[in-house]
Amino acid sequence: ALRTGPVLLSILGVTALTNFFHFSYFPIVPVIAERVGAGSFRAGFLAAATGFGMAIGSTFVLVANPRRGRAYVLGSAGAFVLLNGFALFDRYVPVYLALLAASAFVGVFGATQSALVMTAAAASMRGRAMGMLSMAIGCLPLGMYALGELAEVLGAPAALVVANVVGLVGLGLFLVWRPQVLQVR
């Protein structure tokens, strides 16, 4: 399916990169919360920013009906860029707003992901294509491990920045090689 489906390969590559480099931040949320002096309630509220932001991004897709391929890629790229504020700001409100904004972009990414896979695969291959999507999402635990190791060396904020910059550069290079997802309506 991948040999004959360059659009599907393009979609899955973006998924794997985003899951490995971006979503791996989840275990770092308590570390950042502690760094900005958040108590239990505010730390929980900070963690909830991911869900709030994703709801905002998903609603945008519902209302605006953007070109799915471009929205998917821009959602990923925006999340990479904005998560750096979450890592670097040193006060609670800017950290919260950066995570909320990054998560809104991830909401756009997530709201378009399955639809892109389903439209890129032939009807007879859709089950397998969704299985391949699950495999690409499966890069997340590997990214968490890598980010944890990097955080041990550099500290959590620097590790997040490195992961997101490498993810953004990797995304750009991948799209030079496999730009097909950008053409999907």
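The values are calculated or read from the model by the stated rules, or taken from the named source; none is laboratory data. A quick note: this is a predicted structure, and the numbers were derived from the prediction, not measured. Note: ideal-geometry Cβ built from the backbone for every residue, glycine included; neighbour counts use all protein chains shown. Remember, those area values only see protein heavy atoms, side chains included, never the ligands or the DNA or RNA. Shrake-Rupley method; radii C 1.70, N 1.55, O 1.52, S 1.80 Å.
As a rough guide to protection, the peptides 9-16, 122-129, 32-39, 67-74 ranked by mean Cβ packing within 10 Å, highest first, stand as 9-16, 67-74, 32-39, 122-129. A151 sits among other residues whose Cβ lies under 15 Å from its own Cβ, and their net charge, with Lys and Arg +1 and Asp and Glu -1, is -2.
Take F80, F41 and sort them by solvent-accessible surface of the protein heavy atoms, 1.4 Å probe, largest at the top. Intermediate values should be presented prior to the final figure.
Values: F80 0, F41 160 Å².
Largest accessible area first, the list is F41, F80.
Each Lys or Arg adds one and each Asp or Glu subtracts one; over the other residues with Cβ under 12 Å from the Cβ of V108, this totals +3.
Rank A43, A136, V169 by how far each Cα sits towards the positive end of the charge dipole of the chain (+1 on Lys, Arg Cβ; -1 on Asp, Glu Cβ) and give me just the farthest. Toward the positive end, the furthest listed residue is A136. Along its first, second and third principal axes, ordered by size, the range 22-105 spans 40, 20, 19 Å in Cα coordinates.
Could you work out the helix-only [θ] at 222 nm for the chain, with each DSSP H run of four or more residues adding -39,500 (n - 2.57) and the total divided by the number of residues, to the nearest 500 deg cm²/dmol? After summing the helix terms and dividing by residue count, I get -27000 deg cm²/dmol. Remark on the range 114-185: ratio of C-alpha radius of gyration to 2.2 N^0.38 Å is 1.42. At the listed q of 0.08 Å⁻¹, the Debye profile of the chain, built from one uniform point per Cα, gives log10 I(q)/I(0) equal to -0.25. One Cα centroid belongs to the range 108-185, the other to the range 1-52; the line between them spans 10 Å. Each peptide among 153-166, 136-149 gets the average number of other Cβ atoms lying within 10 Å of its residues, and from highest to lowest they stand as 153-166, 136-149. What does the C-alpha gyration tensor say about the overall shape of the range 87-130? Classify as rounded when a/c is under 1.5, otherwise prolate if a/b is larger than b/c, or oblate. Judged from the Cα gyration tensor, the range 87-130 comes out prolate (a/c at least 1.5, a/b above b/c).
For the range 108-149, treating each Cα as an identical point scatterer without solvent, what Debye log10 I(q)/I(0) comes out at q = 0.27 1/Å? Log10 of I(q)/I(0), two decimals: -0.89. I'd like the carbon and sulfur percentage of the solvent accessible area for the range 64-185, probe radius 1.4 Å, heavy atoms only, ligands and nucleic acids excluded. For the range 64-185, the apolar C and S fraction of the accessible surface comes to 69 percent.
So what is the accessible area of the range 32-185 per residue, in Å², with the probe set to 1.4 Å?
On the way: 7660 Å² over 154 residues.
Accessible area per residue, the range 32-185: 50 Å².
M125 to R67: extension gain in nm, 0.36 nm per residue of separation minus the Cα-Cα distance? Don't skip to the answer; put the middle values down first.
Working: separation 58, 0.36 × 58 = 20.88 nm, distance 2.32 nm.
Gain in length upon complete extension: 18.6 nm.
Run the dipole for the range 56-185 about the Cα centre, Lys and Arg Cβ at +1, Asp and Glu Cβ at -1, nothing else charged, and hand back the magnitude in debye, nearest 20.
Numbers: 8 positive and 3 negative charges, 143 e Å.
Charge dipole of the range 56-185: 680 debye, to the nearest 20.
Simple rule: put +1 on each Lys or Arg Cβ and -1 on each Asp or Glu Cβ in the chain, find the dipole, and look at V181, A55, A16; the Cα lying farthest toward the positive end is V181.
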